[in-house]
Amino acid sequence: MRKSIENLAGRKLTGGRKIAARGRRKFEIDRYPNEAVVGPTQIVVRRIRGNNVKAAFKTAEFANVIDQDAKKVTKSKILKVTKNPANRDYERRGVISKGAVIETESGAAVVVSRPGQDAVVNAVLVKTPAKTS
C-alpha cells in the first residue's frame with residue numbers, strides 16, 4: 001500500500017501549489033493492516049526495519065485466558081467474537097483486536113494483546129454479574 005504524497009505537497013500563501021522535489025521514502029511507506037480472525041492458526045512473518053522480523057496472526061484458534069480470581073492461565077479455544085468496540089465492521093467480520101470481547105471455552109473474555117501485531121491472543125475473563133431473582 002503506497003501512501004500518496006499527502007504531506008509532501010501543499011499550498012503556498014498565494015494559493016499556488018508547493019510540490020516536493022522528492023518522492024516517498026521507504027520508511028514512509030505503510031502496509032495494509034493485518035486483521036486476525038477466528039480459524040485454524042496461521043502466522044504471517046514480515047521483515048521489518050533493521051532486518052528484524054515481526055510475527056502476526058492471520059487466523060487464531062486459541063487464546064491464553066487469565067482468570068484473575070483463581071490466578072490461573074488456561075489455553076482455551078476461541079469460539080467467536082461477540083463484541084468489538086474498536087469498529088462495528090470488525091464485529092460483523094469477526095476480527096480479533098485489542099479490546100474485543102471473545103467467547104471461549106472458559107467463558108467470555110476481553111482481549112488484552114494485539115494479535116494483528118504480536119502473534120498471541122491474551123485475554124482476561126469477564127466477570128458476569130450474578131442474577132438475583
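Just a few scattered comments:
- Length-normalised contact order of the stretch 67-133 in % [C-alpha pairs under 8 Å, at least 6 apart]: 25
- P(r) histogram, all alpha-carbon pairs of the stretch 21-61 included - 5 Å bins from 0, percent: 6, 19, 21, 19, 14, 10, 6, 4, 1, 1
- Helix content alone sets the calculated 222 nm mean residue ellipticity of the chain: runs of n ≥ 4 DSSP H residues at -39500 (n - 2.57) each, divided across all residues, give -1500 deg cm²/dmol.
- Note on Ala55 and Thr82: their simple-model spin labels are 3.0 nm apart, each label 7 Å out from Cα toward Cβ.
- Contour excess over end-to-end distance, with Cα ends at Tyr32 and Val120 and 0.36 nm allotted per residue: 29.8 nm
- Against the rule of thumb 2.2 N^0.38 Å, how large the Cα Rg of the stretch 36-125 comes out: 1.08
None of the figures in this text is laboratory data; all of them are computed from the coordinates on show. Since this is a predicted model, take the numbers as computed values, not measurements. Methodologically, a virtual Cβ is constructed for each residue, glycine included, from the backbone with ideal geometry; neighbour enumeration extends over all protein chains shown.
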